[in-house]
Amino acid sequence: MLSPRTTPTRDVVGLDGLWRFALGTRTGATPWASRLVPPLEVPVPASYNDLFVDPEIRDHVGTVWYQRDVRVPRGWTGERLVLRFGSVTHAAQVYVDDQLVAEHTGGYTPFEADLTGIVEPGAAFRLTVGVDNRLTNVTIPPGTVTTGPDGRERQSYLHDFYNYAGIARPVRLYSTPTTYIEDVTVVTGRDGAAGTVDYLVGTAGAHAEAVAVRVRAVDEAGRTVAEGEGPEGVLRVEDVTLWQPGAAYLYDLVVELAVDGETFDSYTQPFGVRTVEVRGSDFLINGEPFYFTGFGKHEDTPVRGKGHDDAYLVHDFQLMQWTGANSFRTSHYPYAEEVLDFADRHGIVVIDETAAVGLNLGVQGGLTGVPPTPTFAPENFGGTTRDVHAQHLRELIERDKNHPSVVMWCLANEPASNEDGAREYFEPLVELARKLDPTRPLTYAAVMFATPQNDQIGDLFDVLSINRYYGWYLFTGDLATAEGYLEQDLRGWVQRFGKPVMMSEYGADTQPGLHSVWDAPWSEEYQGDFLATYHRVFDRIPEFVGEHVWNFADFQTSPGIHRVDGNKKGVFTRDRKPKSAAFALRRRWRGLDGRKPGQAAAG
């Protein structure tokens, strides 16, 4: 699915701003049929949960309704008209006046509605969106909805971040010609000093078979450096400038449809020439070993929740680069397209993750003391859930396949890979991912319960990403013991699977301003000592390829006794103030510069 762009043949109108808003419990049976009441207003994009002081809105489980009036530009006569949502968390019904035009389930990937013939250029229409935040055993991520004695629905879930909901990413109305470029796929390679660009163009519309396809690669100076014809082919870019971590360089692939030599549709797809490969115990970008430094992150900010915000986007990248981070994981869902576009332009490496977090009933058992039921049993996360997971994977790869910043797909966070049924669940998903994109390595983030001895799926993947909290959840305050267990654990993964290993999560909750001369958990000193302990272990393991601290910044979680105003493992506070650990990471990472610690010392 192509991202909307203004081109010589296409126009885009943003529909962000203030929309009318109402809870589903406070509207009639057909809220799309008239103007919403009461007259609350919400910003788009944003989550709605933290905007109001009414607890019924924050705690609402079920459908809420968004509405606004839209006028179609009068100059769009004779064009194809498309409505696109960057995401709606977690399920959407979209009405134009009284007509249902789109439905979508999955809160972190885009969807569209073709409005051609439904709305008219120059005319206005009422746009109403039903947003359902409920999570069940057949959603990704999963959850459970129960009904209390008072008749209200209550939501529980297995992931440790707040279930923000709403229209969290931009909404756009755009036009294309009636015969149009439907899709573009770009796969790059290297041949000596030249770059190779395999392209595939999909076309659609009434006359799609009759149009000629022309493509040309354009460098950052605006020079055409390669040209081709036909819906698929290979371009050769001589003396190519590579896209590299920390040194982004983007070309444009200009795709045109022509009839009798006249351009009918035009679309520009940015791309970077780079290669990614796992070889032995190395992760290679452009044939050179790459060592990941950075964070697991969240789309989480005060008031906005998971709403995309360009100011936070810029500031977060500035803070990451200040620390010396070269990468991040989109934990635990695909981030907004704007985030990946920014990473493309600024040379930040991305591990792109599906929203499959919480596929582990053992975690719930560990927190509650209630014996867990088998995670992959049919009544829990069996075949239907896997089918939904597969659709999320398709939508993720379809959306993000052309981003040079994306170097690896992460299929799940902390699944019960130690349980029976895990292999039957994941093997078809791995096969699907490799079919959809054979160019990028695959990983998953292993939970504490999964060990080198009992993990059932590690051999299916290219890189082993390990989440560990020795010294925090285990051996709390005893970093000497934690260090020994961590090293034994990581060496076990290397010995059994013989693959590159990275730490995808490690960290300790830290209350900013709390200090101690002892190893006192929650103090800023303990967070720094915790990270230093892990870094000593990483530096002793030759097969180690990266470290992603959990977390970049403090983030909101569901209320409960396990969290006080959210998860505090950030090296920055939720409003982006640095804790002491941020300065320690800066000293370490700026000396590594994308190399393994041993390589950095030798250099």
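List of remarks:
- Of the residues ASP316, ASP265, the single one that is over 30 Å from ASP160 (Cβ atoms), in contact (Cβ under 8 Å) with a residue 60 or more places away in the chain and open to solvent by less than 60 Å² (accessible area, probe 1.4 Å) is ASP265.
- Selection from the stretch 1-21 of residues that are assigned to a strand (DSSP E or B) and either over 14 Å from ASP265 (Cα atoms) or modelled with pLDDT under 95 (or both): VAL12, VAL13, GLY14, GLY17, LEU18, TRP19, ARG20, PHE21
- Residue satisfying condition, being surrounded by 20 or more Cβ atoms within 10 Å (Cβ to Cβ) and at pLDDT 95 or above, within set VAL254, VAL240: VAL240
- When the test is whether a residue is in a strand (DSSP E or B), on the phi < 0 side of the Ramachandran plot and more than 25 Å from the chain's Cα centre (by Cα), GLN93 does not pass it.
- Of all residues in the stretch 512-551, those satisfying the criterion of being open to solvent by 30 Å² or more (accessible area, probe 1.4 Å), farther than 14 Å from TRP472 by Cβ and not aliphatic (A, V, I, L, M) are PRO512, GLY513, HIS515, TRP518, GLU525, ARG536, ASP539, ARG540, PRO542, GLU543.
- For LEU235, the conditions (1) touching a Ser or Thr at 6+ places or on another chain (Cβ under 6 Å); (2) open to solvent by less than 60 Å² (accessible area, probe 1.4 Å); (3) not small (Gly, Ala, Ser) are fulfilled apart from (1).
- Residue in the stretch 316-329 that is part of a helix (DSSP H, G or I), touching a His at 6+ places or on another chain (Cβ under 9 Å) and either closer than 30 Å to GLU427 by Cα or not small (Gly, Ala, Ser) (or both) present: yes
- The residues in the stretch 459-490 that are of a type in the set (D, E, K, R), assigned to a loop (DSSP other than H, G, I, E, B) and over 14 Å from PHE538 (Cβ atoms) can be counted, and the count is 2.
- Of all the criteria given as (1) under 30 Å from ASP593 (Cβ atoms); (2) surrounded by fewer than 20 Cβ atoms within 10 Å (Cβ to Cβ), the one not satisfied by THR384 is (1).
- Near pairs, Cβ below 8 angstrom, 6+ apart or cross-chain, from the stretch 13-41 (more than 16 Å from GLY62 (Cα to Cα) and among the aromatic types (Phe, Trp, Tyr)) to any residue that is open to solvent by 50 Å² or more (accessible area, probe 1.4 Å) and assigned to a loop (DSSP other than H, G, I, E, B): TRP32/ASP97; TRP32/ASP98
- Residues that are surrounded by fewer than 19 Cβ atoms within 10 Å (Cβ to Cβ) and either in contact with a Ser or Thr (Cβ under 6 Å, 6 or more places away or on another chain) or closer than 28 Å to THR188 by Cβ (or both), drawn from the stretch 461-475: ASP462, PHE475
- You will find that of LYS401, LYS435, the residue that is touching a residue at least 12 places away in the same chain (Cβ under 8 Å) and of a type outside the set (S, T, N, Q) is LYS401 and no other.
- Unique match (being open to solvent by 10 Å² or more (accessible area, probe 1.4 Å) and touching a Leu at 6+ places or on another chain (Cβ under 6 Å)) among THR144, THR116: THR116
- Subset tally (residues that are open to solvent by 10 Å² or more (accessible area, probe 1.4 Å), more than 19 Å from VAL171 (Cβ to Cβ) and either of a type in the set (Asp, Glu) or not in a helix (DSSP H, G or I) (or both)) for the stretch 333-350: 1
- Tally, over the stretch 401-419, of residues that are open to solvent by 10 Å² or more (accessible area, probe 1.4 Å) and out of contact with any Ser or Thr (no Cβ under 9 Å at 6 or more places or on another chain): 2
- Looking across the stretch 22-46, just one residue is under 30 Å from ASP252 (Cβ atoms) and either outside any loop (DSSP other than H, G, I, E, B) or open to solvent by less than 20 Å² (accessible area, probe 1.4 Å) (or both), and that is VAL44.
- For the criterion of being under 27 Å from HIS389 (Cβ atoms) and touching a strand residue (DSSP E or B) at 6+ places or on another chain (Cβ under 8 Å), THR109 fails.
- Of the strands (runs of 3 or more DSSP E) lying entirely inside the stretch 115-210, those containing at least 1 residues that are farther than 30 Å from VAL64 by Cα, more than 29 Å from the chain's Cα centre (by Cα) and not charged (D, E, K, R) are 194-204.
The values are calculated or read from the model by the stated rules, or taken from the named source; none is laboratory data. Please read all numbers here as calculations on a predicted model, not as lab measurements. Cβ atoms come from the backbone with ideal geometry, glycine included; neighbour counts cover every protein chain shown. What goes into the accessible areas is simple: the full protein's heavy atoms, side chains included, and nothing from ligands, DNA or RNA. Shrake-Rupley method; radii C 1.70, N 1.55, O 1.52, S 1.80 Å.
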